[in-house]
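The values are calculated or read from the model by the stated rules, or taken from the named source; none is laboratory data. In this text the structure is predicted, and so the values were computed from the model without any measurement. Note: ideal-geometry Cβ built from the backbone for every residue, glycine included; neighbour counts use all protein chains shown. These accessible areas exclude ligands, DNA and RNA; they are computed on the full protein's heavy atoms, side chains included. Shrake-Rupley method; radii C 1.70, N 1.55, O 1.52, S 1.80 Å.
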Amino acid sequence: MAASRPAGLQNAASIYVAGLFSMGYVDFYIFLIPLYGLSLGMNAAEIGALVGARSALAVFLSIHVGVLMDRFGTRRVTLFFVWIGIALAPIFPLIPWFWPLLLLQTINGGALSFAWSGSQTLIAQIADGEAEFIGRFSFFARIGTTLAPIIAGAAWDLGGAWPAYMIGALWGVILTIALLRAPEATAASEVRAARPPGRLRVRDLLPRPSDYIQCFGLMAIPAVASTMAIIFLRTATNGVQFSLYVVYLHGIGLIGTTIGALFAAIEIASGFGSLFAGRAMRFGDPQRTMLSGTVMSILFVCVTPFLGGIYALLLLCQVGRGWLQGVVQPMMFSVQAKAVGRYRQGSVVGLRQTMNRLSAIIVPPVMGAFADWWGATQSFVVLGAFLLLLCVPIIRITRRAAETPLVEEAAEST
């Protein structure tokens, strides 16, 4: 039985377009900064610092920005960060020095990350947390991640930094139009009607320790705790793919084009898998489905050394893993959205982004240490066993979450 269409999604095209351009907004600039750094003659360490700087603000401020979305309206806050990205785009080609560029990249990276968080929050609110519609949003977001590097690369090849970054600004303009045409969340409208915000003060924009305490307190909800644990495992498998996986494939003689095709395969499969999320929610308990899908994803990537370097098998595993990740991601968003209630969507997205960024910072060095100690091939086995071992305590959390109806949790949280 298909989920009934929420009132906010009667004209859904604008929010799906926003999904495409908001996730693509991030990937567009991720692709450009290494090219720009290389064109300026920067070394690998400096380029690595520029790439990593985009996550700095998101680690510390994602929760704060999520609370602001709940407090002042998701669309309004999201548009503010989209406009920052538009304003900063033409500044990049004017700065050829490392330290000012690092500061610019830090601010711009945070703004783009918060814009993507806002789009995630908005779809969760107006879709009432239904996985079917969140899955469609994720499908269009994957289109954005596929198109953005292609367009950015073509613009760079045609004229370098100026046309590339100006197209980035145009990308933000299109995202602005999509967001302006998208409906504001009913919850945000109700909050403002019940408690008019009055004049916005500077102190309203400053982080509050109480907001962080309350957001981390959401982990006491079993459904939130289980999905956050699953997010960590997903990030860990991505860490394997972007480190050990590439090293191993290069070691067995694959070239950049064939490796890139494997990465494209997982993105495409993930996009189509997200369209199946709504059905998966109805086929069985979502907690067990998410955990079993994550376990299978771990196995798909950690079995790599046993495939004998056969490209067809490598491709099949990538497609399988991508499909599972595509199914699980909207389910996680849906479970979290229903667990915390309609007035805490920004908060839970902020918490999710914080956990994502922390994992992205912690996991890759750990992967590197494993590889240095055991070697690339053996590390797949060691890491696979370690990640599967981490699944054991998560089983207990998911059982508890499965026994707690989401509607009751949402009611308590509101």
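Calculate, for the chain, the solvent-accessible area per residue in square angstrom, rolling a 1.4 angstrom probe over the heavy atoms of the protein chains.
Result: 43 Å² of accessible area for each residue.
Place a +1 charge on the Cβ of each Lys and Arg in the chain and a -1 charge on the Cβ of each Asp and Glu, then give the dipole magnitude about the Cα centre in debye, rounded to the nearest 20.
Computed charge dipole of the chain: roughly 760 debye.
So if R0 is 60 Å, what FRET efficiency would ILE395 and LEU158 give, r being the distance between their Cβ atoms, rounded to the nearest 0.05?
0.70
Please compute the length gained on full extension between SER292 and ALA312, using 0.36 nm multiplied by the number of residues separating them and subtracting their Cα-Cα distance.
Stretched out fully, the SER292 to ALA312 stretch lengthens by 4.8 nm.
Using the basic label-point model (7 angstrom from Cα toward the beta carbon), what is the PHE60 to ARG282 distance in nanometres?
Placing both labels 7 Å beyond Cα along the Cβ direction yields 4.7 nm.
Report the full-extension gain for the segment THR377 to THR257: residue separation times 0.36 nm, less the Cα-Cα distance, to one decimal in nm.
Between THR377 and THR257, full extension yields 41.0 nm more.
Given DSSP loops and a limit of at most 13 other Cβ atoms within 10 Å, what is the longest stretch of the chain that contains no such trypsin sites (Lys or Arg not before Pro)?
Longest stretch, sites excluded: 202-414.
With the dipole of region 1-123 worked out from charges on the C-beta (+1 for Lys and Arg, -1 for Asp and Glu) around the Cα centre, which of LEU88, THR106, ALA18 lies farthest toward the positive end?
My answer, from the dipole projection, is ALA18.
Post the alpha-carbon centroid distance, region 330-392 to region 80-134, in whole angstrom.
22
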